[in-house]
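Down below is the structure, laid out as structure tokens.
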Amino acid sequence: MYLAHGITRALAPPVQKFQSSIILKWILGFCWYLLHLVVSLVDMVCFLNHLLLSSIISTGLLRKYQNLKLNNLNCLAIVVDSEEAEDITKTQKLLSWLSSIDVKCITLYDLQGVLKRTIGNDFKSMTNTSLRECKMSKMTVEILSLSDGKEGIAKAANFLISKYMKDDSLRCNGTKPTFSESQVSNALEAIGYKGPDPELLLVYGPARCHLGFPPWRLRYTEIIHMGSLRFMNYGSLARALYDFSKKNQNYGK
């Protein structure tokens, strides 16, 4: 009898600890799901607020979004997911909106070169110019893909190496070639791959990144994710451009 009583007392603390750990796990799990619910509700409210404001802007009721002053926007870059870029009408409508807003310079980009094969060929037939830069009535449109970035770097490297090989003083010393950022930039400009640096880049698609847009042109670029191209609207575009027009960019020395 005393032995059984001693065993019961020995087993009691582990059972209590086990029950306490289960209760703690339930409490932590409840807090986690509650936090997740709060974040989801806040995100939904922000999304609905953005959707409502974009719809109001599209109707033209808010005057401040009608006449945009884009003095600090010399070039606008548009990155489109390659799968969504197959819908030509959406991209054409986006370009039409930008033309009406009076954007002077646009760089279109998608990873797989879909825009080159579709809109680029249309521009080429209309303007009889290359696919990389086409001039419309009010704005200049440059169309790029991932191949342009790789090709540009390769040609710039060949350009710099050829200059290095022509310099007898460097070759005779046997020193390894080292190139600065300014030299690479000058080489890209010399071979025609420099292009204007966009102040603003709008990303249309599921990814929240520039999808391989030439990185040497994004040193001072603000990147904004606009969501899917399928659900684009004029209000969200005007709002993004308006918010950018109110910002001041301070360049460090």
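Kindly establish whether LYS116 is assigned to a helix (DSSP H, G or I), in contact with a helix residue (DSSP H, G or I) (Cβ under 6 Å, 6 or more places away or on another chain), basic (Lys, Arg) and modelled with pLDDT of 85 or more. So LYS116 does not fit the description; no. Residue count for the range 34-70 under the criterion of being in contact with a Ser or Thr (Cβ under 9 Å, 6 or more places away or on another chain) and without any contact (Cβ under 8 Å) to a residue 60 or more places away in the chain: the result is 1. Number of residues in the range 69-96 that are aliphatic (A, V, I, L, M) and surrounded by fewer than 16 Cβ atoms within 10 Å (Cβ to Cβ): the value is 1.
Restricting attention to the range 16-68, and to residues there that are over 24 Å from TYR234 (Cα atoms) and among the polar types (S, T, N, Q), which single residue is modelled with the highest pLDDT? Only one residue fits best here, namely SER40. When ASN67, ASN74 are checked against the criterion of being touching a Pro at 6+ places or on another chain (Cβ under 8 Å), assigned to a loop (DSSP other than H, G, I, E, B) and under 21 Å from GLU199 (Cβ atoms), ASN74 stands alone in meeting it.
Could you check the range 97-110 and list, in sequence order, the residues that are open to solvent by 70 Å² or more (accessible area, probe 1.4 Å) and either of a type in the set (Asp, Glu) or at pLDDT 90 or above (or both)?
In the first step, residues of the range 97-110 are kept if they are open to solvent by 70 Å² or more (accessible area, probe 1.4 Å); the result is 100, 102, 104.
Result: ASP102, single match.
Each residue in the range 195-226 was checked for being touching a helix residue (DSSP H, G or I) at 6+ places or on another chain (Cβ under 9 Å), farther than 17 Å from LEU146 by Cβ and open to solvent by 20 Å² or more (accessible area, probe 1.4 Å), and 7 pass.
The values are calculated or read from the model by the stated rules, or taken from the named source; none is laboratory data. As the structure is a prediction and not an experimental result, all values here were calculated from the model. Note that we place each Cβ from the backbone using ideal geometry, even for glycine, and neighbour counts take in every protein chain shown. Accessible surface areas use protein heavy atoms only, side chains included; no ligands, DNA or RNA. Shrake-Rupley method; radii C 1.70, N 1.55, O 1.52, S 1.80 Å.
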